[in-house]
Amino acid sequence: MSGGAAQAHATATRQRTLQRLGIFCGFSAALWLAGAEAPTKLVTVAVSPLIISFMMVLGAFVSRWSLPALMRGCRDTLSDTRHVPHLVIWGVMAGCLWAIGNTLTIFAVRDIGLSLAFPLWNSNSLIGIIWGTLLFKELHGASRWKKLGVVGGAIVIFLGALLISNASTSQSGHGNATHGILAALGAGLMFGSMYIPYRKAYISGMNPLTFLTYFTVGEMTTVTIVAMVFLGGVGPFWQQLVANRTILFWPLLGGFMWVVGDLLQNYATKYVGISRAIPLSNTNQLWGLLWAIFVFGELRGLSASLYGQVIGGSLLMAAGAVSIAYSSASEQEYSSWHEAAQREARLYNISSEYVLTRMHGHQEEAHQPVQRAWFDWLVVGAATAIFVAFAGLSAIPRMEMNLSWLAALTLAMVLVIVVAGTALWRATKFT
């Protein structure tokens with residue numbers, strides 16, 4: 001085999017490895033993103049949605065600074081930033097969009113319930129496919145059948161989610177369904193649009209750990225401003241925090257869980273693109289359904305026909321996910337991705353070698369031992385102390401929950417993150 005042919009074979013093999021890894025990360029993200037939404041059930045115990053949203057984002061803020069410090073060290077983040085400093089503002093912008101979307105999901109869960117809110121804001125997969133195709137040449141060069149597999153799979157997932165939600169709302173007695181539906185759809189628009197900065201960052205070579213560090217600045221700033229404005233200022237905002245101090249740990253924990261899921265989703269976005277990553281991670285509706293039914297008992301008393309809709313919708317979502325998983329990117333589509341990456345390199349005067357190397361999950365620093373400085377351990381220690389402090393104030397909310405199912409789903413989340421983390425480390429060293 002000639003040198004050029006050997007290089008081409010190695011590149012194709014690497015692309016297939018990253019494709020499989022990205023798909024697995026997308027499915028793994030779904031499990032964690034579903035679990036992160038469970039604490040929003042606390043809005044049913046008369047806690048302001050703004051307080052729940054703020055605490056989730058605070059948990060995300062703390063986690064998004066401490067996890068990169070633990071996994072790669074802050075020096076790696078700074079080195080990454082020096083190569084692509086223009087992406088800092090894009091990361092902050094994505095965080096702002098996420099914070100607005102997350103706040104809207106809290107209102108949606110309060111007004112129409114977790115079972116219906118989930119599929120409506122998961123319309124972000126269709127929005128993401130549009131942005132990925134128009135802006136980043138995703139699906140360009142793909143065969144007709146692979147395009148149909150991705151787009152059709154996303155539509156099937158969405159239809160399955162709507163079928164599930166129709167059954168869910170039949171037993172819903174929420175007072176302001178219109179506001180809840182609009183809030184959920186608005187969240188979907190925010191979540192779909194925030195992937196524009198995501199994909200822009202990853203075809204330019206930025207590490208997901210670095211991007212999420214700046215992402216959290218935008219989300220923390222936005223949600224704090226929103227909470228203070230709508231609650232009447234610093235004083236009322238602080239009073240609500242103090243009054244609800246015994247339950248603040250749970251949305252804080254939800255923020256940590258969201259970060260883990262979002263990190264997996266970011267690696268999926270990097271290696272398989274927006275068009276595939278968002279629909280795959282949106283199978284969190286299936287896991288959310290398990291939380292709703294078995295942990296919180298949301299769908300009790302449904303008729304056999306409505307349970308049939310739930311089962312049918314779940315099967316549709318699974319079929320759509322399988323369709324997307326098998327619609328892997330072709331060589332022609334990867335060439336289109338590279339064209340989009342080169343456009344970014346020319347626009348921002350970035351080294352082409354830097355961009356293409358990082359697109360394939362490589363970076364020079366990844367093969368060097370991770371050296372954590374005292375500052376890294378300070379960040380990790382401070383984050384741990386914050387979680388421990390809120391845990392010390394916490395009390396288990398008086399809600400009906402099935403603890404056996406809670407333990408089973410938690411164990412599933414732990415197993416998935418261990419497998420996904422190991423696979424990411426072996427293949428990319430978290431680059």
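The values are calculated or read from the model by the stated rules, or taken from the named source; none is laboratory data. Predicted, not measured: the structure shown is a model, and the values here were computed from it. We place every Cβ from the backbone using ideal geometry, glycine too, and count neighbours over all the protein chains shown. Note: areas computed on protein heavy atoms with side chains; ligands, DNA, RNA excluded. Shrake-Rupley method; radii C 1.70, N 1.55, O 1.52, S 1.80 Å.
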Separation of alpha-carbon centers, segment 384-431 and segment 209-247, rounded to whole Å
23 Å
What is the magnitude of the charge dipole of the chain about its Cα centre, with +1 placed on the Cβ of each Lys and Arg, -1 on the Cβ of each Asp and Glu, and no other charges, expressed in debye to the nearest 20?
400 debye
With residue 136 itself left out, Lys, Arg at +1 and Asp, Glu at -1 over residues whose Cβ is under 14 Å from its Cβ give +2
Could you work out the helix-only [θ] at 222 nm for the chain, with each DSSP H run of four or more residues adding -39,500 (n - 2.57) and the total divided by the number of residues, to the nearest 500 deg cm²/dmol?
-26000 deg cm²/dmol
Förster radius 22 Å - calculated FRET efficiency between residue 388 and residue 411 (Cβ-Cβ, nearest 0.05)
0.45
Net length gained if the chain between residue 348 and residue 403 were fully extended (0.36 nm per residue, minus Cα distance):
14.6 nm
Through the Karplus equation 6.51 cos²θ - 1.76 cosθ + 1.60, θ set to phi - 60°, convert the phi angles of segment 279-288 into ³J(HN,Hα) values in whole Hz; use x for Gly and Pro.
x, 5, 6, 6, 5, 4, 4, 5, 5, x
As I understand it, the dipole of the chain uses +1 on the Cβ of Lys and Arg and -1 on the Cβ of Asp and Glu, about the Cα centre. Which of 209, 231, 335 lies farthest toward its positive end?
335
How many nm is it between the label spots at residue 422 and residue 148, if each spot is 7 Å from the Cα in line with the beta carbon?
3.9 nm
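Looking at the chain, identify the longest residue range that excludes and avoids all trypsin sites (Lys or Arg not before Pro) in DSSP loops having at most 14 other Cβ atoms within 10 Å.
Looking at the chain, 1-299 is the longest stretch - no exposed trypsin sites (Lys or Arg not before Pro) with at most 14 other Cβ atoms within 10 Å.
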In terms of the charge dipole of the chain, which places +1 on Lys and Arg and -1 on Asp and Glu at the beta carbon, the residue among 355, 417, 98 farthest towards the positive end is 355
Cross-link reach from residue 137 to lysines, straight Cα distance under 25 Å and at least 8 residues apart if same chain, gives 146, 147, 200, 270
Considering only protein heavy atoms and a 1.4 Å probe, what is the carbon-and-sulfur percentage of the accessible area of the chain?
69 percent
